[in-house]
Structure formats: structure tokens, C-alpha cells
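Only one structure is covered here, and it is reproduced in the block below.
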Amino acid sequence: MGSFRKLSEAIASLVHDGDSVALEGFTHLIPFAAGHEIIRQRRRGLTLIRMTPDLLYDQMIGAGCARKLVFSWGGNPGVGSLHRFRDAVEKQWPAPLELEEHSHAAMANAYTAGAAGMPCAIFRGYQGVDLPSVNSNIRFLACPFTGESLASVPALRPDVAVIHAQKADRQGNVLLEGIVGVQKEAVLAARRSLVTVEEVVDDFGPRSPNAVILPSWVLTAVVLAPGGARPSYAQGYYARDNSFYVAWDAIAKDRAGFQAWIDEHVLGRAELPA
Amino acid sequence: MTYTASEMMTIAAARALRNDDVCFVGIGLPSAACNVARLTHAPGVTLIYESGAIATRPRVLPLSIGDGELCETALTTVSVPEMFRYWLQGGRITVGFLGGAQVDRYGNLNSTVIGSYRRPTVRLPGAGGATEIAASCGRVFIVMRHHPRAFVPRLDFVTTLGHGPTGRERRALGIPTAGPVLLVTDLCIFEPDPETNEFLVAAVHPGVTCREVREHTGWSVRFAAEVRETEPPAAGELEVLRELQARTARAHGTAAAE
């Protein structure tokens, strides 16, 4: 049963050193506030899982939280490189970063398999390319009916999934809409889950019967964190701060500039008032 | 009307899309080309972004693959697993429009590393959707700026299969889709030789010489028996592209407006 908590308490009780953690969000609804709290609590040795490790994982990697990254696209969308990610891979700073690298199709299928309680995902992919030669978690099997060679990857089963959503109701059910990415799958695949929300409402009101709703009983903790997805966006609340994504390129380019930014904007700042 | 090499590239790439195409759109250069097509000769084209937006009609070019603009102007938005499983793997998409950091003469793409995988000189973003887009879409169009460091004889890493390292592997694997059928640059247009699958220069843009194409290509480039000259951008095409870029720059700075 998802219980309402303060962000600092929720992170302290759900995210431990050495955990595998998926902070998901496909451009939209990226849980920045929760990620920043993980940085503030100085978690170490995390396996960070995410299809698109953009600025948030760049910050968490640069801040020394990560031991390993499971991912499929690590860039600053429309801008260029993630400099902290590159520094970790190319120069092992601030620590070596083990990579388990996939394609988007593989990650999306692996979350789905995790949510469905399957040991692995099976899909058509990875033919004739080099990723299987550097990732032993990419294997092939023959379809038992047609003989077709299909790709397989292990299901993703994170210790913790962390997502941001638009609304929770008083019972702790959560509604998200817009580009919904893989968040539902990540939550259902994970052992524990934390959802930060823009607002808590008495009732979700008129909605499509097919709205994406995560019932409170599949969630571990719900946290009110208005603006918790900034500088990404929350459809219906605020737009993506594209200028910050552009500015991040210069901020993260060198280590000193990055550390000054983290000190001022994350470490030196308490969690957003709820 | 004067125009830049970059404008010629985007417009030449846009022209390749048909009104009845269903197109999986990569971010950056492909996104600009696809939206110019939609706003000119192909108003019926269906644009799909991997974030889940189906039949989207953005007023400005998105900076990321998942800007709110894409969802707000889409017919519907599905989850990412549904996008990759039902729509892409399900074989419902006619064209995949891709870019990359490196391309070779058989249309294989590298967006993973420069140098070795374990000790890369440059760590690039990685595969994203490209690997399965190139395998599952009916045909693949590539648009890239023409530079010898990008147009290489041998890729450092095969992120995305074109026709294979010797041009034959795709066929040998029994992949039923056509693979790369077009490569548009700011200098010229390549099309594959029907026998060998090697990209041959089929057309050069106005004012570009064959020597320039050779100098900008890292492999010993070959030309089709008859090389056409690309039709220069029409006034209407340029107007649409420039208005789109101006709207985009007003919305979120010049970075997304290329």
C-alpha cells in the first residue's frame, strides 16, 4: 500500500547503497527531485537503470552515486553529449562505470518482461550488429514453432523504481498521462516503488476509462513534490525547460563547473518544500 | 533565391517521403526533413516518434524526441513498449529516417563509440531505437552532414545494420525489409547499387563538384553511370523550412532549429 511520505524519508527507507534503481521517464516526467535527494543522501554503488539516461543520470554519475549503468541511449537530447557520463566511461572519473548497453527495443521489452513476471524478454532484434559481442546479456534463441532466430535479454527487475506523475488521490492511487514511456512497466517490474506527484487531489475527476493509473497497492511510497520533474516537464503543469538542457552542455563540460553546480543547486539545497 | 548547403540537404531529404508513408522519425536532421515533407508535398504523411507519438503534427521542431509538442499534436500517444512492439516490430512502418555519427559505404551506422568499445576515444550516445528501426521499417533513409571523419571505410562499431560490412550480410540474415535505400548529405544523394548494395553517388547538389564529394568521403567513392543534378530548392520549399526554423528558434533557441 503506497503511503504518503516526505521525500527525504522515502529515499532513506527505499534506496540503499548498492541497489539497482530505475528512475524512469522518457523525456517527460523525469523524477529530478527524487534523483537530487539520492545525490544529497550520498548513495553509493548504485546500478542505475534507464532507457535514456539524460541530465539526471549525468548528475548522479558525476556525483559518484553509480557503479553500473544499464541503458540504451545516453545523450543530451537535441544538444549533444552527456559530459559526466563520457568522463566516467572515457576517464573513469569520478569512478569507473560498468556499462550494460542495450537498444531501446530491448530495454522496453525487458521492463515488460519484468512487469509480467517473466525471466526474460523475447523479441526480433540485434541482428548483424556489434552490441551482442560486448554484452553477454544479449542472446539468441530459436522460435520453437517457426525456427526463427529471436533476440532475448533478461527481464529487468530493479530493486526500486522511481517515477514522477501528475496526480495522486487521497488514497495514494497515481495518475499519469502524456508521454507515459515505460513508467508503468518499471513500477510493476520493481520490488519497491516511489512516485513523486505534482499534486494530491480528492478525486481524479473526469477521465478516460483507459487512463494510466497505478493503484496504491502496487506502490510503496507516494511523495508530493510539485515541480519535481523540472527541468523536464509535466504535461498540463509546466513545459520542458529546453534552455536549461542547452545550458547543461557548458555546465557539465568540466569537472569543476559541474561540482560547483551540484554544490549550489543540489547539495546546498534542502528538498523542495512539500 | 539563394540557399545554404544545409537547406539543400534538408529539402532533398524531405522530398524522398511520400504522402502515404508512415515514417519513424529520428531526432535532429531527420525530424526537420520529415516535417518539411509534411508541410509541403506530403500533407498526409504519418510521422511517428519513438516516445510514443503517432501521427504527430508539431508546429515547431522538437528539441528532444519526447517534447510535449509531439504529444499535444498527435492523433494518439502510446507507451514506449507498445511503440516498439506493436507498431515498429509489428511491421506497420514504411520508412525509418535516421542519422548517425559514422556511416560506411553499405549504409551501416555507428552511434556508439569512436575507438574501441572498452576504451573509447569518444563515447557516443548509443543505439537508442536505431537498431530495430533499421531492421523493422520497410526502408531506411539516412541524412548526415558530409565529412570524411563521418563517412568512413570501416565503422568502429556497428550499432545499426545497413546492408552489412560487405554489403551482403543483411540479405544473408534473411531480414525481409529493404534496409538503407537513400543517403542524403549536404553535398549529394547516394543510392545503393542494386547488385552490391554499395552506396553510389546518384545526384550532386547544384554547384557541388564530384571532386568535392570525393574529398569529403573517407572511402573511395563511386559514382552512378549517370549522375543527376539535384533540383535546387523551390521558393515554396525554402519558405516552409525557414518559417519552421524561425518558429522553432522562437520556441526554444537556435539549437533545435537546424
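What follows draws every value from the coordinates through simple rules; no lab data is involved. Not measured: the values here are computed from a predicted model. So basically every Cβ, Gly included, is an ideal-geometry build from the backbone, and we count neighbours across all protein chains shown.
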Ranking A:13, B:220, B:31 by Cβ neighbours within 10 Å, fewest first, what do you get? B:220, A:13, B:31
Pick from B:127, B:235, B:101 the residue whose mean-square fluctuation is largest in a GNM of chain B, springs joining Cα atoms under 10 Å. B:235
If you take the charge dipole of the stretch A:30-163 about its Cα centre, with +1 on Lys and Arg Cβ and -1 on Asp and Glu Cβ, which of A:57, A:140, A:118 is farthest toward its positive end? A:57
Choice from A:165, A:190, A:116 with maximal GNM fluctuation in chain A (Cα, 10 Å cutoff): A:116
Please give the FRET efficiency for residue A:217 paired with residue B:1, using the beta carbon to beta carbon distance and R0 = 56 Å, rounded to the nearest 0.05. 0.30
How far, in nm, would the chain grow between residue A:191 and residue A:41 when pulled straight, counting 0.36 nm per residue and subtracting the alpha carbon separation? 51.9 nm
Toward the positive end of the charge dipole of the stretch B:5-257, about the Cα centre and with charges on Cβ (Lys, Arg +1; Asp, Glu -1), which of B:124, B:19, B:60 goes farthest? B:124
Using unit Cβ charges (K, R positive; D, E negative) and no other charged atoms, how large, in debye to the nearest 20, is the dipole of the protein assembly as shown about its Cα centre? 880 debye
Provide A:208, B:64, A:81 in ascending order of the number of other Cβ atoms located within 10 Å of each residue's Cβ, fewest first. A:208, A:81, B:64
In a GNM of chain B with a 10 Å cut-off on Cα contacts, which of B:173, B:61, B:29 has the highest mean-square fluctuation? B:173
Residue by residue, what Karplus-based ³J(HN,Hα) values in Hz, rounded to whole numbers, does the stretch A:21-33 have, using 6.51, -1.76 and 1.60 with θ = phi - 60° and x for Gly and Pro? 10, 10, 9, 9, x, 8, 6, 8, 6, 7, x, 5, 4
Counting pairs on different chains as well as pairs 8 or more places apart, how many Lys pairs in the protein assembly as shown have Cα atoms under 28 Å apart? 8
From fewest to most C-beta neighbours within 10 Å, the residues B:117, A:111 line up as B:117, A:111
Give me a comma-separated list of calculated 3J(HN,Hα) values for the stretch B:173-185, in order, Karplus coefficients 6.51, -1.76, 1.60 applied at θ = phi - 60°, integers in Hz, x for any Gly or Pro. 6, x, 5, x, 7, 6, x, x, 10, 7, 10, 10, 10
